[in-house]
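Where a number appears in this text, it was derived from the coordinates with a stated rule and is not lab data. The shown structure was predicted, so the numbers you read here are calculated from the model rather than taken from an experiment. We place every Cβ from the backbone using ideal geometry, glycine too, and count neighbours over all the protein chains shown.
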Amino acid sequence: MSSVKPNTSTPVLEHDQVADNTAGYVANFSVKESPILRLKKLLHTYPIAAPSIVLLLAIFGFSLLIGNRFLHPFNLSLILQQVTIIGVIGVAQTLIILTAGIDLSVGAIMVLCSVVMGRMAIDLGLEAWLALALGISVGALAGFINGLLITRLKIPPFIATLGSWNVFFAINLWYSKSETIRSQDISSIAPLLQWTGETINFFGARLTYGSLLMLGLFFLIWYALNWTSWGRHVYATGDDPDAARLAGIQTNRILMSVYVLAGIVCAVGAWVLIGRIGSISPQAGYTANLDSITAVVIGGCSLFGGRGSIYGTLIGALVVGVFRNGLALAGVDVLWQEFTVGILIILAVGVDQWIRRGTA
Amino acid sequence: MSIDYQQTPVLKASGLVKRYGSVTAIDNADFELYPGEILAVIGDNGAGKSSLIKALSGALVPDEGEVWLDGQKVVLNTPMEARELGIETVYQNLAVSPALNIADNLYLGREIRKPGFLGKYLRMLDKKAMEHNAKAKMTELGLLTIQNMSQAVESLSGGQRQGVAVARSALFGSKVVIMDEPTAALGVKESRRVLNLIKEVRDRGLPIVLISHNMPHVFEVADRIHIHRLGKCAGIVTPQSHSMSDAVAIMTGAMEIEAA
């Protein structure tokens, strides 16, 4: 120590220690808790509340309007059948939207997988279970390709899947030669593919194995998201990828696993699709990608990632199903069903934005 | 608090060099951290202190030089490797995931699984254990105001969030905790809490590297101050031996001191 004079006075500064003596808050806002504000807080704490309330109100409203015809177990199970495909594809879409991505190719993956399953079993004469397994592998491969585009080439998910949507759909048309595989052929050669369409009677309700498969899938993914490290990492990656990376999460690996899993779920959707329509058509399920986004959004998932729940998507799909079914039973034109779904989407996102403002 | 500067440094670096094209961010820098101390690292913008810290936390691999942890030569290629060796880093802004709750954040990337079948085959998380440990750690560090471990981090104030990040480093850091500007985004009162927290962690035996722009904070908590200038250590002072203006003078080159 040469040229510096020592400083003997104590360097501990007291200037901000006076803050310790002040009250325990920096500023105090006396806000009267209005009912609106309380509702907002409730919806913010329980994002599932809004779609649940809409679902209950819709069921209540339609039962008043239509009566027993709507509430009959058969009709309710019909609604469940009608939302099964969207529900399954919605599971895949939820996983991806939780990571702040979006997948426009889910519908195309599903159709491609159904065609692969059908042609393997019918044209090549493979065992049905093997055809099914091959179809699921194709789904996984398609998801893997999406994942590569997004994690390695850093293409935004919207663009990557917009491209792969067209590519997968074109491959599907080429591979199927744009021909439909007839229902009779499937039921005589590979009835396993139609198993998801078989029904069991349950107090007058007709549940399909496909619907049960969908519910099982929801439970499985719910468990994975909420009770495993992987699930926490999916949320963290979608919430703030940089923070997740610094916490030691390999975000690219998580993203990859999510896209591959989504591809597999879409392939399961293909199986459900075959059961639902009986035949295998390269033109079927064309609207599944946008419908699945609808279900996820109405279910309260944030498109910015990291927020939302898997069962929200189930409720979102049911809301759409109940509105379509109820309006149809009430004799309303299909056109107005579409109109209503459109309004629901806008309302869902509007409410989401409103909840986020000022309660964080 | 007396620290024995004769013993082996916990973390030591010698002759570190990092070049970015024609810019030399770290120019033959040395660094030593002793057990039980708070070492502040100060320096002007662009002095290369964040590059130095990145080299010590594994976020950057130096072109030349050696890093020693507890007398053992180590190579830190990624933050994960540094973390596995017991070097925890608290980052300024990117500390936590806002939508996850406190317990999830504390254990993010290092979750505890349930014992037995559930954990081994179903890979089920032991949420109870994590919440329990999280609460114990927060209480130990005096963060009693946060009671509910299943509360989302976004509902906490800035200081409380920083508290969560510090608690995480204290929970897992076995050798060294590096804190990058922990008080930069906080108000006066919140800064105080975090500073007390830092001292608390030090008193529990973990040495701390504190990077800060805030001279009063540095002079209050640091045992020694490493002044970085032009990519290397311009000198090491203590709050007792030098005043704040001396430190600023050394930092800006207005005053010279023999390298320690």
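Go through B:K73/B:K137; B:K49/B:K175; B:K114/B:K189; A:K40/A:K154 and tell me which ones have a Cα-Cα distance over 29 Å in this structure.
From the list (B:K73/B:K137; B:K49/B:K175; B:K114/B:K189; A:K40/A:K154), the Cα-Cα distance tops 29 Å for B:K73/B:K137; B:K114/B:K189; A:K40/A:K154.
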Sorted largest first, the C-alpha extents of the protein assembly as shown along its principal axes in whole angstrom are 97, 60, 46
Taking Cα atoms only, helix A:128-151 is inclined relative to the longest principal axis of chain A by an angle, in degrees rounded to 10, of 30
Shielding of B:185-193 by other chains, given as the mean Cβ count within 10 Å, works out to 3
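Per-residue Cβ counts within 10 Å, from other chains only, averaged over B:67-80: what number is that? Show your work: numbers first, answer last.
Working: counts 0, 0, 0, 0, 0, 0, 0, 0, 0, 0, 0, 1, 4, 4.
Across B:67-80, the average partner-chain Cβ count within 10 Å equals 1.
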Contact order relative to length for region B:100-151, counting C-alpha pairs under 8 Å separated by 6 or more residues, stands in percent at 40
In whole angstrom, the spacing between the Cα centers of region B:213-260 and region B:38-52 equals 10
Nearest-0.05 FRET efficiency for B:T238 and A:K154 at R0 = 56 Å, using Cβ-Cβ distance, is 0.75
Looking only at lysines whose Cα falls under 18 Å of B:K120's and that sit 8 or more positions away or on another chain, we get B:K128
With label points set 7 Å from each Cα along the Cα-to-Cβ direction at A:R182 and A:W222, the distance between them in nm comes to 4.3
For the protein assembly as shown, percent of DSSP beta bridges that are antiparallel (nearest 5) comes out at 60
Computed from the beta carbon distance with a Förster radius of 51 Å, FRET efficiency for B:F117 and A:H72 to the nearest 0.05 stands at 0.75
Computed over chain B, the relative contact order (Cα-Cα under 8 Å, seq sep at least six) in percent reads 25
Once the mean of 1/r over all distinct C-alpha pairs in region B:56-110 is inverted, the Kirkwood radius in Å reads 12.9
Taking Cα pairs closer than 8 Å and at least 6 residues apart, the relative contact order of chain A in percent is 30
Helix A:35-45: inclination vs chain A longest Cα principal axis, degrees, rounded to 10, gives 70
If unit charges are put on Cβ atoms (+1 for Lys and Arg, -1 for Asp and Glu) and the dipole of region A:85-310 is taken about its Cα centre, the option from A:V115, A:S188, A:F218 lying farthest towards the positive end turns out to be A:F218
Note to self: C-alpha centroids of region A:223-258 and region B:160-185 sit apart, in Å, by 21
Of all stretches in chain B that avoid chymotrypsin sites (Phe, Trp or Tyr not before Pro) placed in a DSSP loop and having at most 13 other Cβ atoms within 10 Å, the longest is B:122-260
Output field shielding_mean for A:64-72 (other chain Cβ, 10 Å radius) holds 0
Output ordering of A:154-160, A:235-241 (per-residue mean of other Cβ within 10 Å, highest first) is A:235-241, A:154-160
Note: A:F202 to A:K41 extended length (0.36 nm per residue) minus current alpha-carbon separation gives 54.0 nm
The helix B:127-140 Cα axis meets the longest alpha-carbon principal axis of chain B at an angle in degrees, between 0 and 90 and rounded to 10, of 40
